[in-house]
Amino acid sequence: MPAPMATTTPTPPAAARARALSDSYRALPPRVRRELIIYGVTLLAGLLGMPLLIWLAGNRVLGPYTHGQNLHAGPFALLGDFMLGLAHGSAVFWVVALGPAVLLLLLRVMIWLIRAIPSTRRG
């Protein structure tokens, strides 16, 4: 007699998971949601915008980007190499990708420190 099969609970469909994620996002305070959006945009800018800006500046100053035997590779070849560098865990690529978020964080810390310094007025 065959052994009984173990019963497993089925995973919820993708729509149910998306709804649960949406509900948990809505449960967050508005300030946390705003910060998630802001830092999500900076992360996207670091992942997509920075490599394209680097390609643009390098193309104007240094000449065309070469990718292997292709002497005139475009920005998407550099973007592909950038994503490959991120996947390999290279620290230099991660610094570029996280750069906008870190700069925003440093700017906010500097503004907070300036506001925290008591103003001295001479009277």
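Cut-off 10 angstrom, C-alpha nodes, Gaussian network model of the chain. Which of Ile54, Ile37, Ile111 fluctuates the most?
Ile111
State to the nearest 20 debye the size of the charge dipole of segment 29-116 about its Cα centre, where the only charges are +1 on K and R beta carbons and -1 on D and E beta carbons.
With Lys and Arg at +1 and Asp and Glu at -1, about 460 debye.
Please give the calculated 222 nm ellipticity per residue for the chain, where each DSSP H segment of at least 4 residues contributes -39500 (n - 2.57) and the sum is spread over every residue; nearest 500 deg cm²/dmol?
The per-residue figure over the chain is -21000 deg cm²/dmol.
I want to verify a result. In a Gaussian network model of the chain, Cα cutoff 10 Å, which of these has the top mean-square fluctuation: Gly68, Gly80, Gly99?
Gly68
7 Å from Cα along Cα→Cβ at both Leu105 and Ser22: what's the point-to-point distance in nm?
A separation of 3.1 nm, rounded to one decimal place.
From the list (1) 39, 34, 13; (2) 20, 19, 13; (3) 23, 16, 12, can you say which value of semi-axes √(5λ) of the Cα gyration tensor in Å was derived from the structure given?
Step by step, semi-axes √(5λ) of the Cα gyration tensor in Å for this structure corresponds to label (1).
Within the chain, what's the longest stretch lacking trypsin sites (Lys or Arg not before Pro) that sit in DSSP loops with no more than 14 other Cβ atoms inside 10 Å?
Values: sites that count: Arg121, Arg122.
Within the chain, the longest run free of exposed trypsin sites (Lys or Arg not before Pro) spans 1-120.
If the elastic network links every pair of Cα atoms under 10 Å, which of Leu104, Leu113, Leu52 fluctuates the most in the Gaussian network model of the chain?
Between Leu104, Leu113, Leu52, it is Leu113 that shows the largest mean-square fluctuation.
Only the coordinates and a few stated rules stand behind these numbers; no lab work does. Because the structure is a prediction, the values reported are computed rather than measured. Positions of Cβ are generated from backbone atoms using ideal geometry, with glycine treated the same way; all protein chains shown enter the neighbour counts.
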